[in-house]
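The values are calculated or read from the model by the stated rules, or taken from the named source; none is laboratory data. Please read all numbers here as calculations on a predicted model, not as lab measurements. All Cβ positions, glycine included, derive from the backbone under ideal geometry; neighbour counts span all protein chains shown.
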Amino acid sequence: MLLRGLAVTTMLVSATAAWAGEKPVYAPAPKWVKPAPPIDSTKLTDASPILLRSDQQQRLEKGEVWSYTDTAIRIASNQVLTQVGTLTLPWKPDSGDLIIHKVEILRDGKHINVLDNGSKFTVLRREQQLERYELTGILTATMPVQGLRVGDVLHVVASITVKDPALKGNVQTAVPLISKPVRVGFARAILSWPKGEAIHWKLQDKDQHPQVVDDNGYSTVQVQLPLDKAPELPDDVPQRYQRLPILEAGSFADWQSVSKVMAPLYKTDGLIAPDGPIAAEVAAIEKKTTDQKVRAAMALRVVQDNIRYLFNGMAGGNYVPQTPADTWKLRYGDCKAKTLLLLAMLRDMGIEAEPVMASSKLGGTLVERLPDPLAFDHVLVRATIDGQSLWLDGTRTGDRLADIMDTPDFHEVLPIRPDGAKLMPIPMRVPGRPSVKVAMTLDETAGINLPSLYTMDMTLHGSIAEMLTTAWNQADADHKDKMVGSLIDSYLGTNYRTGSALTPNDDAGTVTLHVTGIADPDWNKSDDRYRTTLDQAVSSISFSPDRTRVAWRDIPVALGDPDGRVVETKVILPDGGKGFTLDGDTTLPAQLAGYTLNRQTSLKDGVLTVTDSAFTKGGEIPAADIADTRSKVALAKTRLLRGVAPADYPALWKQVMADKSGHRLEPLRAAFTKRIAQADSDDKANRYTERAQFFIRVYDWQDALTDINKVIELSPDADNYQWRSRLLANMGERQKALADLLKAQQLNPGSASIESELVALYSDLNQPDKALEIADQRIALGGKDKRQFVMAKADVLARDGKVDDALSALDGEIKTNPGNPALLNERCWLKGTMKVELPSALKDCTKSIELADSPAAALDSRAMVYFRMGRMSDALADLNAAINIAPDHSASRYMRGVIRMQQGDAKAAKTDLEAARMIQPTIDTKYARWGIKP
């Protein structure tokens, strides 16, 4: 797609057609060069700049640009020595010569000529850009600098000449300029040309105003470097506000002149042989339809699908396109070749069409550029049908009739016409179809707090579709899964794939990624209701431009490239969707922050469906509209569409009980089992871990233990032993739990988490001395874990009958941290379970409730105190509040069951107690130690 015109490199590499030397020339510098100040190597220090000299001088004369460079680098370290110790000078032999003037080492005031010892440059014939599908024709002269060492100065002086017959005697150049904060000893850029010649030049720096002076019959302009640092700008500014650090010059009077010079290269008369294969393609298109737009789309598809991209900059190929016949025969071509082929086909069908030059990366800067071909790096076709401009790019992929009206984000282009043309703006349009279209279905019939089975179809078109197809065909299963994750995770969150496939649709120019799997639940409790975000439009819009500085306040916001996305989300709800509702915006504003939005929603037959679309044509938001746009986006983000569960939606334990009786967990179990069967040996442990976590979530303790056993067999690390220890302890297998925890400690000595659990386990096993020994050792160490072990120690002491000592330990820590809700809750709980100091216990719990982010635990503790005080109504009120916050908190459920049983509500008590035992099988034993039984 490149014209290879934008040659802003230190050693200028441009285009021409005449073959010059394929070996470097060794010759003195031209006489017109102005010598730079000498470098005294004896006066250099460690504070001296590494770049001591960057002198660039160019002469534009007789259709040729002679670029002279004089560079001196201080070898300040071994790193610098490695970087510059081997010289590499690229040039194009079909454009001109590489001329070596001097290679020397400055050391202790001496000049050591490297070339005197017979050293010469070796020419490497290689295509450095071949991986980018470019045959540039650039050769590289390379030479290791013998004897160079740290402390030296490497001084290299060379020239490159460039002459391009395609420019019809015109010249053009762009000199790259160094800017601060780069440090340099001496730097400048000089342009010169014969006095009286119409050379135009431009410097995009408002702080320097160099003047043209006469120097021995040559007009000369000099820029002293480095330039001042470019003003800081926000990341989202339009390109025209960004300074290009270049000094441009050329002989083109205006854009019309550039257009006119290029026009002969795109004549199409006689380029399609009447009996040739291209003519046959044209005839086939004409036979299928008379609709010019359809014909244009079909011709574009022929060029995109049948001609692969390969830039050929050899033999004058920078500006001169290869013929359509050659392109068809070779079956490859760059933007010039594809444009000429498409142009010839369209004109042969009577469709008005012309080539236009564009800058694919700097199109927004054209209005600030000097008129010359260097400003462009791309060419495409502008066709006119029914008075509308169609921008047809043969280097793209997958464009079809639906995309025929799409506009590229090139800002402005230059039509190539025999009579010349001015820059032409491209009025932007919203894309004809989305670049990404997603249709996903989540089966949440097992419950909104459990994983869901999902299917997703993601349809892509254009270059991303081609890249995905290419990568997919080369990838193994693991890399395919990673690719899938990178594409779908933003829509589903944490998910586990059970299958994926890629299906191309050549007629549509698309590929569809089909994925099945398991998604983690995405419902969260807020304001006593479970909610999930369904929005796929507003939440993806980011609009937070920084215009706080006075200098930035009048700068518009650039919106980026045209794009579109459509996402359809279907959620199959539990219990037929009974009681589920929608909250937030069920419709969207037609326009928001440069996006065209649309939303359709339905909640029918237990299926919640939301279809969001967001399209943008790019462009800008004027500075005057930024504040209003920011406010509208912020307001829209406060009204994101959410699904809302009924207020009486059952707790997880209740849902799981119903699921088990209704066999609704079997599909999930099967999906996790399928993932295990699909896994290779390296991933097997992870897959068993996933299923074990699912079993724990649905209270299938024995199945979970079986899977964790397998995990440890495959991956016997400390985390897995600790995990199994917790499960065994919860199942009442405390001796086995202790053995696992000691193994975990052996593998990860010093772990605060492991040792904290050891304290609790030893206490459960009536071994308080061992528990206290560990706790005291950790407390003595201090640090962030001290508080955790003080609470653990207090619990051990209390259970060992040493309540006063336990309270004393907590009192001391609370004195140091009087506002810590966890410590206050622990003291309240201890007093409540031990039936001591109950009035002060109430104060501790109440303060903890006030301070805690989530007060469920403190509410449960205060309920225990009320229970001990015989205030059952107050205890029930706190337990109800705790359960409302944490519906699956086994302790609160158990205590509520105990109180309800005492009050004679046996049915409700039975429900609570069954739930508590389901969640924590050993809970009866736990509360029995405090004399509490149903």
Residue, surrounded by the fewest Cβ atoms within 10 Å (Cβ to Cβ), within segment 367-394, restricted to residues that are modelled with pLDDT of 95 or more, touching a His at 6+ places or on another chain (Cβ under 9 Å) and over 21 Å from ASP507 (Cβ atoms): LEU370
Which listed residue, of LEU781, LEU830, LEU824, is closer than 19 Å to TYR927 by Cβ and within 52 Å of the chain's Cα centre (by Cα): LEU830
Breaking point among (1) over 25 Å from the mean Cα position of the chain (by Cα); (2) closer than 26 Å to CYS335 by Cα; (3) among the hydrophobic types (A, V, I, L, M, F, W, C), for PHE410: (1)
Tally, over segment 424-455, of residues that are out of contact with any strand residue (DSSP E or B) (no Cβ under 8 Å at 6 or more places or on another chain), closer than 20 Å to TRP653 by Cα and not hydrophobic (A, V, I, L, M, F, W, C): 1
So THR161, is it touching a helix residue (DSSP H, G or I) at 6+ places or on another chain (Cβ under 9 Å), hydroxyl-bearing (Ser, Thr, Tyr) and surrounded by 14 or more Cβ atoms within 10 Å (Cβ to Cβ): no
Selection count, segment 463-514, where residues are surrounded by 16 or more Cβ atoms within 10 Å (Cβ to Cβ), within 25 Å of ARG691 (Cβ to Cβ) and of a type in the set (Ser, Thr, Tyr): 4
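Every residue, every condition in (1) assigned to a strand (DSSP E or B); (2) at negative phi; (3) touching a residue at least 12 places away in the same chain (Cβ under 8 Å), yes or no:
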position	(1), (2), (3)
VAL175	yes, yes, yes
VAL182	no, yes, yes
GLY185	yes, yes, yes
SER192	yes, yes, yes
GLU197	no, yes, yes
HIS209	no, yes, no
SER219	yes, yes, yes
Residue within segment 364-371 that is among the small types (Gly, Ala, Ser), touching a Leu at 6+ places or on another chain (Cβ under 7 Å), in a helix (DSSP H, G or I) and in contact (Cβ under 8 Å) with a residue 24 or more places away in the chain present: no
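Select the helices (runs of 4 or more DSSP H) contained entirely in segment 281-356, then report the ones holding at least 2 residues which are buried (at least 22 other Cβ atoms within 10 Å of the Cβ) and among the charged types (D, E, K, R).
Working: elements: 292-306, 324-330, 335-348.
So the answer is 335-348.
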Extreme residue, surrounded by the most Cβ atoms within 10 Å (Cβ to Cβ), among residues of segment 181-215 that are charged (D, E, K, R) and modelled with pLDDT of 95 or more: ARG188
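So if I check each of ASP457, ASP489, ASP478, which one is in a helix (DSSP H, G or I) and over 20 Å from the mean Cα position of the chain (by Cα)?
On the way: ASP457 fails: in a helix (DSSP H, G or I); ASP489 fails: over 20 Å from the mean Cα position of the chain (by Cα).
The match here is ASP478.
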Pair list, Cβ < 7 Å and 6+ apart or interchain, from segment 636-664 residues that are of a type in the set (Val, Ile, Thr) to residues that are assigned to a helix (DSSP H, G or I) and modelled with pLDDT under 95: none
Segment 663-700 - residue that is of a type in the set (Gly, Ala, Ser) and in a loop (DSSP other than H, G, I, E, B) and, of those, nearest to ASP575 (Cα to Cα): ALA679
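Here's the yes/no breakdown for (1) surrounded by fewer than 20 Cβ atoms within 10 Å (Cβ to Cβ); (2) more than 30 Å from GLU690 (Cα to Cα); (3) basic (Lys, Arg):
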residue: THR516; (1), (2), (3): yes, no, no
residue: VAL538; (1), (2), (3): no, yes, no
residue: SER544; (1), (2), (3): yes, yes, no
residue: ARG549; (1), (2), (3): yes, yes, yes
residue: ASP554; (1), (2), (3): yes, yes, no
residue: VAL566; (1), (2), (3): no, yes, no
residue: THR586; (1), (2), (3): yes, yes, no
residue: LEU603; (1), (2), (3): yes, yes, no
